[in-house]
Structures are given as structure tokens and as C-alpha cells.
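Every number here is computed from the coordinates shown, using simple stated rules; none is lab data. Bear in mind that the values here come from a model prediction, so they are computed numbers and not experimental data. Methodologically, a virtual Cβ is constructed for each residue, glycine included, from the backbone with ideal geometry; neighbour enumeration extends over all protein chains shown.
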């Protein structure tokens, strides 16, 4: 998990203290989302897209751009429970009823693209846990490794630029919220 925290900005904190909590949360969330969209855009640009002529596409198991479209900016429930404001960028899974390897809209395989896979030799055993039980499997043929593309890491490399966007958005939002309202005529 990659996390960025803003620290050492006492003027920002002082300005935020004078704002109504509901508006403060909205202003912070909007500025954080704007910064996170920079990371999202970089991650989407670095995501490889499956070849339209690939066998899985021809059989209807995959659609080009599924992982790329699933990269999203979401609100952090953990931060909200702690009383903070937070957003994160990750690959949004398919809805509960639509998950599965044969669903072309499920980007479950993003992990294989991000982290790559290990090669297996003929006769080598692999282990996995299925329904709480350790399961071993022998490989009948050589399976090659897949390269790790690290598209989310490339998005995270844009965090300094995202911080700049956040600071550019939060300043005007705070000024607008701190401005006294004109009395009604």
C-alpha cells in the first residue's frame, strides 16, 4: 500500500479550523479527489491493453481495456470511520454477482498484470488455499512467467504532482468558504 500524508502545513490547518465541519470535509475531499485523478490518469496510461486478436478476446472471456477502465478514485471508508478524509486509487472489482474468470467485465486478473507471475516447471507443485484447505497441484507442462507491468506503481510515482494539484485546489476552496456571506437585501 502506498500512502501520502500532508504534514507541516500549519496555515492550512488553521484555515480549516475556521470552517464548518461538513463544508471542510467536502472541500478536502474534492481537493484530494482532484489530486488522486492525476495518479489515476498516470496508472491508466501505464496499463497494458490486451490484444484484440488474443484467444481470450475472441472467445469472449476478456474485453480490451477492462482493467484500464476499472482504475478508479474511491473514498476511504477506513479514513471516514477514523474521522478523517481520505481517497485512494485502485482497481475496482466487479460487482458481487458479476465476478468470475469468464466474465469479460471482471478485472480480477489485474494482480497478474501488476505483479507478474512466477514460471513453473513441468512436475513442479504449486500450493494454494481453497476454502480454508491447502491444495497442491502438479503442472503438466512448462508455464512461462509473465512480466510485471507495475502500472499502479507508475501512478504512485505521480504523487508529488498530485500534491501540487491538491494544494492548488484547496487554497481557493478555503478562501471561498471563509469569505463572509453578503447579507440578503
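Here are the numbers for the structure shown:
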{"quantity": "Gain in span if fully extended, residue 154 to residue 37, counting 0.36 nm per residue against the direct Cα distance", "calculated": "40.8 nm"}
{"quantity": "Net lengthening on full extension, residue 45/residue 108 (0.36 nm per residue, minus Cα-Cα)", "calculated": "20.8 nm"}
{"quantity": "Sites residue 77 and residue 118 - FRET efficiency at Förster radius 35 Å, r taken between beta-carbons, to 0.05", "calculated": "0.60"}
{"quantity": "Computed E for residue 99/residue 163 - FRET, C-beta separation, R0 30 angstrom, nearest 0.05", "calculated": "0.30"}
{"quantity": "Fewest-first sequence of 167, 28 by Cβ atoms within 10 Å of each Cβ", "calculated": "167, 28"}
{"quantity": "Stretch gain in nm, segment residue 147-residue 84, where the contour uses 0.36 nm per residue and the Cα spacing is subtracted", "calculated": "19.0 nm"}
{"quantity": "Residue exposure sequence - 146, 66, 47 - by fewest surrounding Cβ within 10 Å", "calculated": "146, 66, 47"}
